[in-house]
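Notes for the one structure printed next.
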């Protein structure tokens, strides 16, 4: 009995020694791992860039408004259960939104330099606790559009460093993948936005006419776009230098169209309030447009859809048994300035085709 008792006691003592040894080894591993992972650099700054074929303001506006992120962001493709909640302010400094899904979080815009920079604070609620990296955007105008840089920087916790090392999870690679997918999403969204346009035939109107400063040239029909802009700038510069009072929006008058030779004689003009006497050799001169009855058509969108707007106007004229004035000159009035409104989808142009007889027109001015 005594021997049996001593054997059990010795066996228990041996087990305790083994347990203490194992605990000691585990403690050494934990301390060693903590020292190892603690000495590893946990800071990160991951960024990716893409040139998007659009003006900086257009791309900036797409990123600046959180309500657009759901469409171009790559995260919902990874988590279809994700839902979004938007604050009262969704664009500009102080804007925010949050989301719930497999991982919840929120984002707040902390700094905005219009069309150039955006800084944001990101909060991620992970299984290992809350993470708070910084997100930043840069928008740089380049020859083919806008170079957009999307980056995120922060510092991994000890737990994160251990997890990434032991699991083989490549955090940097995953972030680069997400950034590239997001930038491609932005590019696609912006391209689709800029393609949007609408045409509306407003009907018969009376265009008021008046004095205008203009310059005239001739061009092949496919060269018009390249010639109109510099000529318009020349007229605008003349009006500005001479401190003339504009009386309306810039326009282009098609004086003579030769379809056989594919040429157009045209004038770019700016309405003024009174007659202006110019020097003999001045490339910009003053003219007068008589009031004219015309079918007015509005194009909202890129100028490349103007041909379609003219077609719609002619169809309206034919359908309503109106007659185009053979001596009249078609003209376009540019309501928006592309330099101030870079998104072509927001450009507004009015097209006028003079007609001979009209039913009680309403008056329009240049």
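Which one is modelled with the highest pLDDT among residues in segment 204-230 that are farther than 28 Å from residue 276 by Cα and touching a strand residue (DSSP E or B) at 6+ places or on another chain (Cβ under 7 Å)?
That would be 204.
If you check 89, 102, 62, 76, which single one turns out to be farther than 23 Å from residue 126 by Cα and more than 13 Å from the chain's Cα centre (by Cα)?
89
Can you spot a residue in segment 279-302 that is assigned to a loop (DSSP other than H, G, I, E, B), within 30 Å of residue 57 (Cα to Cα) and in contact with a helix residue (DSSP H, G or I) (Cβ under 8 Å, 6 or more places away or on another chain)?
Checking segment 279-302: at least one residue is assigned to a loop (DSSP other than H, G, I, E, B), within 30 Å of residue 57 (Cα to Cα) and in contact with a helix residue (DSSP H, G or I) (Cβ under 8 Å, 6 or more places away or on another chain).
Which residues, counting only those in segment 98-116, are modelled with pLDDT of 95 or more, touching a helix residue (DSSP H, G or I) at 6+ places or on another chain (Cβ under 9 Å) and crowded, with 16+ Cβ neighbours inside 10 Å?
107, 109, 112, 115
Residue 265: within 30 Å of residue 71 (Cα to Cα), in a strand (DSSP E or B) and in contact with a strand residue (DSSP E or B) (Cβ under 8 Å, 6 or more places away or on another chain), yes or no?
It is false that residue 265 is within 30 Å of residue 71 (Cα to Cα), in a strand (DSSP E or B) and in contact with a strand residue (DSSP E or B) (Cβ under 8 Å, 6 or more places away or on another chain).
What's the number of the condition residue 262 fails, among (1) surrounded by 12 or more Cβ atoms within 10 Å (Cβ to Cβ); (2) over 22 Å from residue 199 (Cα atoms); (3) out of contact with any helix residue (DSSP H, G or I) (no Cβ under 6 Å at 6 or more places or on another chain)?
(3)
Any residue that is in a helix (DSSP H, G or I), surrounded by 14 or more Cβ atoms within 10 Å (Cβ to Cβ) and in the same structural domain as residue 286 (by TED's automatic domain parsing) - is there at least one of those in segment 238-255?
Yes, that holds for at least one residue.
Residue by residue, here is whether (1) within 40 Å of the chain's Cα centre (by Cα); (2) buried (at least 17 other Cβ atoms within 10 Å of the Cβ); (3) within 22 Å of residue 199 (Cα to Cα); (4) without any contact (Cβ under 8 Å) to a residue 60 or more places away in the chain holds:
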position: 270; (1), (2), (3), (4): yes, yes, no, yes
position: 282; (1), (2), (3), (4): no, no, no, yes
position: 293; (1), (2), (3), (4): yes, yes, yes, no
position: 296; (1), (2), (3), (4): yes, yes, yes, no
position: 299; (1), (2), (3), (4): yes, yes, yes, no
position: 303; (1), (2), (3), (4): yes, yes, yes, no
position: 313; (1), (2), (3), (4): yes, yes, yes, no
position: 319; (1), (2), (3), (4): yes, no, yes, yes
position: 322; (1), (2), (3), (4): no, yes, yes, no
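Pull out all pairs, ordered by first then second residue, where Cβ-Cβ is under 8 Å, the residues are six or more apart or on different chains, the first lies in segment 230-252 and is in contact (Cβ under 8 Å) with a residue 60 or more places away in the chain, and the second is assigned to a helix (DSSP H, G or I) and surrounded by fewer than 18 Cβ atoms within 10 Å (Cβ to Cβ).
Hits for this filter: 250/236.
Tell me which helices (runs of 4 or more DSSP H) are completely within segment 42-120 and hold 2 or more residues being within 20 Å of residue 175 (Cα to Cα), or say none if there are none.
Ranges flagged: 69-72, 75-78.
Pick out the one residue from 138, 125 that is assigned to a strand (DSSP E or B) and at pLDDT below 95.
125
Please go through segment 51-88 and pick out each residue that is in contact with a helix residue (DSSP H, G or I) (Cβ under 7 Å, 6 or more places away or on another chain) and more than 14 Å from residue 189 (Cα to Cα).
76, 82, 84, 86
The values are calculated or read from the model by the stated rules, or taken from the named source; none is laboratory data. Bear in mind that the values here come from a model prediction, so they are computed numbers and not experimental data. A quick note on method: Cβ atoms are made from the backbone with ideal geometry, for glycine too, and the neighbour counts reach across all protein chains shown.
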